[in-house]
Amino acid sequence: MVMDDAVDDGLRSDSPVKKKSRRGNYKKTPREKKRDMLIEEVHQLALNALAFWGLPGYVFFLTMPFTCMRPAELYALRQEFCHPNWPASGPDTGRRKEGIERYGPVDLPALRVEWQFQREFGKGPVKLFPPKYDSHRNLVLPQFLAELHAALLDTHDHDYLFPAISGGLLANANFSYHYWRPVADGRSANEQFSRVRLSQPQTAASRRPCPRCQRPRMPASGCTSSGTAAKNGWTKTAAAGSPLKPAWATKSRGSRASTRT
């Protein structure tokens, strides 16, 4: 480009660089327009996670949309930075004092985003790193979500709020394949399931069975009645407590990409 401009300005007789016809022809690729998710869809994902993963899954799939935390930050949410432990359990003295003055012990429930799990240089074991762009922050929780966090903390003594199904680190799991897809797609509760592994079909005992469970009360405005569920595109399965599959989950993978978090 510099040589071409020099020729145009009469500074050179010719350009040693081969001419290319792409100059000035750049066109920005249009981005896919993402749509908003309804609260009924968010709650149904949480219900599916409750049947598939248990209480940690139910709380996880409600915490993500209501706090807008990144997945790696949710994996690394330690107990000392969760409500009701934080801010009284914060390791930084100055921030702890400021947090108690602002949020109080119980007046305004909040959590602290302090870490995220990542693999250094994309390989090796997962380690704790500061959040992306050093975005340390305090997040105020809705009352129902604060109560769910407190209830979940009472069910286990894991260092992190959301343990994996096996009890280990959630950051070590292939979350998209082993958690998100089963929860988003839904399936009936059974002891065995069919799958294709290494190009070979097989029937495997479920490592994550979907037990029968009572539906919890809707935590936000909305209705969980069968009429409302059908109206919003949810397909009911035969077994009580089985995960339901939303209408948008039956579309092609490309059309579902915009609903991922």
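Does R70 fit the bill of being open to solvent by 20 Å² or more (accessible area, probe 1.4 Å) and within 13 Å of the chain's Cα centre (by Cα)?
Taking the combined requirement at face value, the residue satisfies it.
Among G104, G186, which is the only one that is over 18 Å from P71 (Cα atoms), surrounded by 15 or more Cβ atoms within 10 Å (Cβ to Cβ) and of a type outside the set (D, E)?
On the way: G104 fails: surrounded by 15 or more Cβ atoms within 10 Å (Cβ to Cβ).
The match here is G186.
Is it the case, given these coordinates, that V2 is more than 14 Å from the chain's Cα centre (by Cα) and either surrounded by 14 or more Cβ atoms within 10 Å (Cβ to Cβ) or not small (G, A, S) (or both)?
Spelling it out, V2 is indeed more than 14 Å from the chain's Cα centre (by Cα) and either surrounded by 14 or more Cβ atoms within 10 Å (Cβ to Cβ) or not small (G, A, S) (or both).
Which condition from (1) in a helix (DSSP H, G or I); (2) over 22 Å from K132 (Cβ atoms); (3) touching a strand residue (DSSP E or B) at 6+ places or on another chain (Cβ under 8 Å) is the one that P56 breaks?
Condition (3) is where P56 drops out.
I'd like the full set of residues that are part of a helix (DSSP H, G or I) and either free of Cβ contacts under 8 Å to residues at least 24 places away in the same chain or open to solvent by 40 Å² or more (accessible area, probe 1.4 Å) (or both), limited to the range 162-183.
N172, S176, Y177, H178, R181 - these are the residues of the range 162-183 that are part of a helix (DSSP H, G or I) and either free of Cβ contacts under 8 Å to residues at least 24 places away in the same chain or open to solvent by 40 Å² or more (accessible area, probe 1.4 Å) (or both).
Being under 15 Å from Y103 (Cβ atoms), open to solvent by less than 50 Å² (accessible area, probe 1.4 Å) and assigned to a helix (DSSP H, G or I) is the filter here, so list the residues in the range 135-156 that pass it.
Within the range 135-156, L145, A146, H149, A150 meet the criteria.
Given the conditions (1) basic (K, R); (2) more than 28 Å from A173 (Cβ to Cβ); (3) in contact (Cβ under 8 Å) with a residue 60 or more places away in the chain, report the number of the one that R96 does not fulfil.
(3)
If E98 passes every condition in (1) closer than 22 Å to F162 by Cα; (2) out of contact with any Cys (no Cβ under 8 Å at 6 or more places or on another chain); (3) not polar (S, T, N, Q) but one, which one does it miss?
Just one mismatch for E98, condition (1).
With respect to R31, determine if the residue is charged (D, E, K, R), modelled with pLDDT under 80 and either within 17 Å of H149 (Cα to Cα) or assigned to a loop (DSSP other than H, G, I, E, B) (or both).
No: the conditions fail for R31.
If you check D159, D92, which single one turns out to be closer than 29 Å to F52 by Cβ and open to solvent by 30 Å² or more (accessible area, probe 1.4 Å)? Full working, then the answer.
Details: D92 fails: closer than 29 Å to F52 by Cβ.
Only one candidate qualifies: D159.
The values are calculated or read from the model by the stated rules, or taken from the named source; none is laboratory data. Predicted model, so just to flag it, every value in this text is computed and none were measured. All Cβ positions, even for glycine, are placed from backbone atoms using ideal geometry, and neighbour counts span all protein chains on display. Protein only, heavy atoms only, side chains kept; ligands, DNA and RNA dropped before computing areas. Shrake-Rupley method; radii C 1.70, N 1.55, O 1.52, S 1.80 Å.
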